Ligand code: ASP
């Protein structure tokens, strides 16, 4: 009996070892796919199935869609991505009468598809250009000189490459600051149209309550289609354009996955900070994360309040509110994760170990002291710089005032009205400075924001600006000046620049006076920050090289919006780490959430009816629970920008669309952690279910090769 018990526990132990596949940190660039042991990991694919510059591979089905990722799922340019990736576009084509954001949108044929302002890029090839970029850079140069040479070299390479490939978009991405650079060639498709977006109570079910949370039940998916000119070349929107034919599109696996299955992602993760020193984490933990999350909370509250009784204004502000809320919670999650994992201490210990290894081998450790002293400056000035920075970032009207002041500085003497030559030039320069940056969401929001910033600046001892100190009641002051200023109305303001530029030059606008007063302080703050950043950047290659040499570490570049590969397994949480440790969520739980009075869990009537249906094709149901899987969890290494990334099974077939991470995985941006890092996708079975049973969208399903 005892022997048998021993035998069976041994079998269980071996099974567990076999099951708990080793995954690790790694957003591998295409150039480092050879670091992956595809066979041991459980793939039925090899490296060239993922990327094959000589043939066709899965990367040909991938697109960078705005700040997100998408993938081709049909031979006619149909792309699957997230609901939240097209949220802004949908808000843009919605109105009170045609509220696609609320009700969803379905083009039952191509002529109904709606033009949206998105572009998509396909990675065609890449090349390491580090040597060319760093040519003529010498250690004796100042950080600024180095940066200038690097920029000049980049421009030269880009010019040459663009001349050779006029049809492609060429970008050089810094894989590691001052150390390694890769040139990417992209095909850019500019005519993208909306095909399908589910109703908001599916696409955004759970809203902010469930954002960055597990368990989750959000149908965060949508479809768009890329078009090209009749000659097959990328072209601007035209009704005559034809659907783009991708080299490769993904096959759908409508059966989905089960626990422990291997899954992988190709996508465009945005930014991570894994190669930064320990002091960087300290700076973020002490200042950036708490400051920004609190400030965004304040901004959101103002917008919600203003949009309460004005649906059109709310729709205009909705994408901004959504993005602020997203960052706020992400930053709170990071703070939580940093505390739980004590990452700062781990990083510090690692740096101490590096220092002692280097000392024992007589390495030059001066750069570590330099990093330390630069961070002292950064920490000392953090609060001041953060507040001053928000004046121009969050107030379009103040930013416009700054542009006027800058141009007055450049041309301190105003000539006569009759000097048309001068005024034409001045006008052109001012318009250029304002272009693209001068956007006002709402004049009241501008007024409230500046009042709040003045109040906060005056409460910060390291900010001593006379013009601000004079303002005793910021709210009253702001209300007065915003009654008069023209700067909150870009259309009128542009008209004035056009007709009477001298009036703008000589403006007695109080906002311009404030900008004048603040300009030297803002300039000093920005110059100091740039100088510190440049010097820090200069130390980073040494930190990296030392880690490789003295700590035997290997180097996978930080995410930088270039195409990456990552893999992992469908995997829940260790007991105790999450209230829902299982890696799937199901339809019945949606009703449990909906029975609370949280508006984020509301369901519109058609969606409620849809979810209640019993007439589901058995093939879409999870065989174990006989329920419909909604979302799934896996231990991959993803970050922002991976939204919309296809989640594929071991055969490279589509089983889900990545859209989020769990709260504890927001930490990924600093470090991947095997217990905490979990990413989330909408299960492909829920996508198919919605298309089929809500909209009877057989044309989309057939196009994707699904016959139910
Ligand atoms: N929600 C994120 C995005 O928009 C995905 C993530 O950060 O994991 O890219």
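Read-outs: derived from the displayed coordinates by stated rules, not from any lab. Since the model is a prediction, treat every value here as computed from it, not as a measurement. No Cβ is skipped: glycine too gets one built from the backbone with ideal geometry, and neighbour counts run over all protein chains shown.
Mind pulling the angle between the C-alpha long axis of helix 490-499 and the longest principal axis of the chain? Nearest 10 degrees, somewhere in 0 to 90. Between helix and principal axis, roughly 40 degrees. Listed from fewest to most Cβ neighbours within 10 Å, the set 126, 196 follows the order 126, 196. Using the Cβ-Cβ distance between residue 355 and residue 466 with R0 set to 60 Å, the FRET efficiency from 1/(1 + (r/R0)^6) comes to roughly 0.85. Specify whether the C-alpha gyration tensor of the range 421-579 places it in the rounded, prolate or oblate class, a ≥ b ≥ c being the square roots of the eigenvalues: rounded for a/c under 1.5, otherwise prolate if a/b is larger than b/c and oblate if not. In terms of gyration-tensor shape, prolate.
From the Cα gyration tensor of the range 63-192, with a ≥ b ≥ c the square roots of its eigenvalues, which class applies: rounded if a/c is under 1.5, or else prolate if a/b is larger than b/c, or else oblate? Prolate. Stretched out straight at 0.36 nm per residue, the stretch from residue 305 to residue 432 would grow longer than its current Cα-Cα span by 42.4 nm. Centre-to-centre, using Cα atoms only, the range 356-418 and the range 576-609 are separated by 46 Å. Residues 274, 390, ranked from the fewest to the most other C-beta atoms within 10 Å, line up as 274, 390. Calculated FRET efficiency, residue 459 to residue 413, Cβ-Cβ distance, R0 = 35 Å: about 0.35 to the nearest 0.05. In angstrom, the C-alpha Rg and Dmax of the range 502-585 are 25.3, 70. Peptides 430-443, 332-345 ranked from most to least packed give 332-345, 430-443, packing being the mean of other C-beta atoms within 10 angstrom over each peptide's residues.
Counting only alpha carbon atoms, the long axis of helix 420-434 and the longest principal axis of the chain meet at about 30°.
Put simply, when 78-85, 514-521, 200-207, 111-118 are sorted by average Cβ atoms within 10 angstrom per residue, most first, you get 78-85, 200-207, 514-521, 111-118. Summed over qualifying helices (DSSP H, 4 residues or more, each -39500 (n - 2.57)) and divided by its residue number, the chain shows a 222 nm mean residue ellipticity of -14500 deg cm²/dmol.
Within the range 60-126, the percentage of alpha carbon pairs spaced more than 15 angstrom apart rounds to 59%. Spacing of the modelled spin labels on residue 33 and residue 534, each 7 Å from Cα toward Cβ, amounts to 4.0 nm. Ranked from largest, the principal axis spans of the Cα set of the range 165-250 equal 47, 46, 22 Å. For residue 140 and residue 48, a Förster radius of 60 Å and the Cβ-Cβ distance give a FRET efficiency of 0.85, rounded to the nearest 0.05. Counting every alpha-carbon pair across the chain, the share separated by more than 48 Å comes to 21%. Taking a ≥ b ≥ c as the square roots of the eigenvalues of the Cα gyration tensor, the range 241-362 is classed as oblate, since a/c reaches at least 1.5 and a/b does not exceed b/c. Working note: Cα atoms of the range 565-685, range along each principal axis, descending, whole Å: 42, 37, 28.
In degrees, nearest 10, range 0 to 90: what is the angle between the Cα axis of helix 366-394 and the longest Cα principal axis of the chain? The helix 366-394 is inclined about 70 degrees to the chain. Residues 701, 511 in ascending order of nearby Cβ atoms (within 10 Å, fewest first): 701, 511. Between the range 28-61 and the range 97-146, the alpha-carbon centres lie 22 Å apart.
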